[in-house]
């Protein structure tokens, strides 16, 4: 279970499928039982929420079920920030939580 407040929307200058939204004060609670983890902020692709039928508005607190995944940073800003090849984590929204 994840819950967070929508702070900001960003449009990608060239590709609409890469539009993002920023969630603040994200609380991630492992399922079935586990201690909650607080995450200060996390960017998501807007299309991930559209797929599960969630269309959040700014300053709205949203709740959703998600899967945590890891990935290796390969390029773009990662090279500029000297993070190329490091492991990072994300959350993929799976379904809307009521």
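Bear in mind that the values in this text are calculations on the coordinates, not laboratory data. Keep in mind that this is a model prediction, so the values were computed, not measured. Cβ sites come from the backbone with ideal geometry, for glycine too, and all protein chains shown count toward neighbours.
Normalised by the number of residues in the chain, the mean separation of alpha-carbon contacts (under 8 Å, six or more apart) gives a relative contact order of 27 percent. With neighbour counts taken as other beta-carbon atoms within 10 Å, the residues 14, 7 rank, fewest first, as 14, 7. Applying 1/(1 + (r/R0)^6) with R0 = 25 Å to the Cβ-Cβ distance of residue 77 and residue 27, what FRET efficiency is obtained, to the nearest 0.05? After rounding to 0.05, the efficiency reads 0.40.
Fewest-first ordering of 21, 33, 83, 42 by other beta carbons within 10 Å of each residue's beta carbon gives 33, 83, 42, 21.
Over the chain, the alpha carbon radius of gyration divided by the compact-protein estimate 2.2 N^0.38 Å works out to 1.12.
Estimated from the Cβ-Cβ distance and a Förster radius of 30 angstrom, the FRET efficiency linking residue 12 and residue 97 is about 0.65. This ranking places 61, 73, 15 by how few other beta-carbon atoms lie within 10 Å of each, fewest first, which gives 15, 61, 73.
Per-residue ellipticity at 222 nm computed for the chain from its helices equals -2000 deg cm²/dmol, with DSSP H segments shorter than 4 residues left out and the rest contributing -39,500 (n - 2.57).
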